[in-house]
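Presented below is the structure to which this report refers.
The values are calculated or read from the model by the stated rules, or taken from the named source; none is laboratory data. Computed from a predicted structure; not experimentally measured. For neighbour counting, all protein chains shown are included, and Cβ atoms are generated from backbone atoms with ideal geometry for every residue, glycine included.
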Amino acid sequence: MSNQIALENIDNILTFLTLFSHQDCQLYDIQTEPLALDPYNYSKEFNRFITALYTEKFVISFDWTNWQHEANSFVTTPELLNVADISTIQKLFTSHVRQERFCSGHLAQLIDNGHFLTILQRLQAIRKGLS
């Protein structure tokens, strides 16, 4: 399976930029009753975004568990995204989507701290450079 990204793949992911730009958009809620193993319920729109990441080749096969330190460094130091390339963005999306399986609420945290928005803004800047 090729990890090559086409302009169409980028454009399709960038359609979700507005989803993360609106502060009042509720992308998840937390179920408190009954007590659940995975209390995070993501919105249909957010789930469409996750599906699109797979469809558009932004979730790739690589050893993401050994890349967690790098992925976390982009969260704690968002300025690092200023020089991130497409491959790095693929690794970030993959790491975060996979991490949610082991750490419920990981994606909600990235919604709240603006990390998804920052990644998409970097992808938009890369896309402008490819025109």
Just checking, how many residues over segment 110-130 are over 18 Å from residue 45 (Cβ atoms) and at pLDDT below 95?
3
So, of the residues in segment 28-60 that are at pLDDT below 95 and of a type in the set (A, V, I, L, M, F, W, C), which turns out to be surrounded by the fewest Cβ atoms within 10 Å (Cβ to Cβ)?
37
Selection from segment 79-101 of residues among the β-branched types (Val, Ile, Thr) and either in contact with a Lys or Arg (Cβ under 8 Å, 6 or more places away or on another chain) or closer than 16 Å to residue 4 by Cα (or both) yields 86, 88, 89, 94
Given the conditions (1) surrounded by 11 or more Cβ atoms within 10 Å (Cβ to Cβ); (2) of a type in the set (S, T, N, Q); (3) touching a helix residue (DSSP H, G or I) at 6+ places or on another chain (Cβ under 8 Å), report the number of the one that residue 9 does not fulfil.
(3)
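Residue by residue through segment 5-26, note down the ones that are outside any helix (DSSP H, G or I) and not polar (S, T, N, Q).
Applying the first criterion (outside any helix (DSSP H, G or I)) to segment 5-26 yields 5-6, 15-16, 22-26.
5, 6, 16, 22, 24, 25, listed by residue number.
Among the candidates 108, 84, which residue alone is surrounded by 17 or more Cβ atoms within 10 Å (Cβ to Cβ), hydrophobic (A, V, I, L, M, F, W, C) and over 28 Å from residue 30 (Cα atoms)? Talk me through it step by step, then tell me what you get.
Details: 108 fails: over 28 Å from residue 30 (Cα atoms).
Result: 84 is the single residue among 108, 84 that is surrounded by 17 or more Cβ atoms within 10 Å (Cβ to Cβ), hydrophobic (A, V, I, L, M, F, W, C) and over 28 Å from residue 30 (Cα atoms).
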